[in-house]
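The values are calculated or read from the model by the stated rules, or taken from the named source; none is laboratory data. These figures come from a predicted structure and were not determined experimentally. Here Cβ is always computed from backbone atoms with ideal geometry, including for glycine, and neighbour counts include all displayed protein chains.
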Amino acid sequence: MAAIKEALLDTHALLWWLFDDPQLSKAARKVIANPDYRIWVSSASAWEISTKHRLGKLPQAGDVVKKFSDYIRKSGFEPLNLSTEHALLAGSLSGPHRDPFDRMLIAVCQIKKLPIITVDPVFKKYRVKVIW
């Protein structure tokens, strides 16, 4: 039996999976659908989706905001709550990247030694393994 592998979903990858968006790469789809992978979704993604929905940047995500936990559970993903350790690392990361959501995901990946499923190249600058 194969060992369980793990990966964290970036917020865009999560939404593209939930909405069956063709922007999600074939490689990402393969990993997400693979039962040998434990796929984590950070509470930072819930924060990002609800914030962007409130600001009108994600109008299509209203149902996801209302039923976030249900969507995660039905997809077979694992929720990953943020800790003080994550917050402290995210706040202290060097570099010009200012997106607080990405900084939190970077911190989670560094602490938990998780690869991230994302199209965003900024994660590689922070020595995070990217699956795309």
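So, in the range 79-106, of the ones that are in contact with a helix residue (DSSP H, G or I) (Cβ under 7 Å, 6 or more places away or on another chain) and not in a helix (DSSP H, G or I), which residue ends up surrounded by the most Cβ atoms within 10 Å (Cβ to Cβ)?
Here the residue is 80.
State all residues of the range 88-106 that are of a type in the set (Asp, Glu) and at pLDDT below 95; if no residue qualifies, say none. Break it down into steps so the answer makes sense when it comes.
Going residue by residue through the range 88-106, those that are of a type in the set (Asp, Glu) are 99, 102.
Across the range 88-106, the qualifying residue is only 99.
Where the second residue is in a helix (DSSP H, G or I) and the first is of a type in the set (Gly, Ala, Ser) and lies in the range 1-24, which pairs have Cβ atoms under 7 Å and are six or more apart or on separate chains?
7/31; 13/28
Go through (1) surrounded by 13 or more Cβ atoms within 10 Å (Cβ to Cβ); (2) without any contact (Cβ under 8 Å) to a residue 40 or more places away in the chain and name the single condition residue 28 misses.
With (1) surrounded by 13 or more Cβ atoms within 10 Å (Cβ to Cβ); (2) without any contact (Cβ under 8 Å) to a residue 40 or more places away in the chain applied to residue 28, the lone miss is (2).
Identify, please: which residue in the range 19-78 is part of a helix (DSSP H, G or I) and aromatic (Phe, Trp, Tyr) and is, among those, nearest to residue 104 (Cα to Cα)? Talk me through it step by step, then tell me what you get.
Of the residues in the range 19-78, the ones part of a helix (DSSP H, G or I) are 26-33, 43-54, 59-66, 68-74.
Remaining after also requiring aromatic (Phe, Trp, Tyr): 47, 68, 71.
On the way: 47: 11, 68: 19, 71: 21 Å.
Result: 47.
Regarding the range 107-115, can at least one residue be identified that is surrounded by fewer than 12 Cβ atoms within 10 Å (Cβ to Cβ) and either modelled with pLDDT of 95 or more or of a type in the set (A, V, I, L, M) (or both)? Can you show your working first?
Going residue by residue through the range 107-115, those that are surrounded by fewer than 12 Cβ atoms within 10 Å (Cβ to Cβ) are 113.
Next, from what is left, pick out any that are either modelled with pLDDT of 95 or more or of a type in the set (A, V, I, L, M) (or both): 113.
Yes, the range 107-115 contains at least one residue that is surrounded by fewer than 12 Cβ atoms within 10 Å (Cβ to Cβ) and either modelled with pLDDT of 95 or more or of a type in the set (A, V, I, L, M) (or both).
Does the range 33-44 contain at least one residue that is among the hydrophobic types (A, V, I, L, M, F, W, C) and surrounded by fewer than 16 Cβ atoms within 10 Å (Cβ to Cβ)?
At the first step, the residues of the range 33-44 found to be among the hydrophobic types (A, V, I, L, M, F, W, C) are 33, 39-41, 44.
Keeping just the survivors that are surrounded by fewer than 16 Cβ atoms within 10 Å (Cβ to Cβ) gives 33.
Yes; the residues of the range 33-44 include at least one that is among the hydrophobic types (A, V, I, L, M, F, W, C) and surrounded by fewer than 16 Cβ atoms within 10 Å (Cβ to Cβ).
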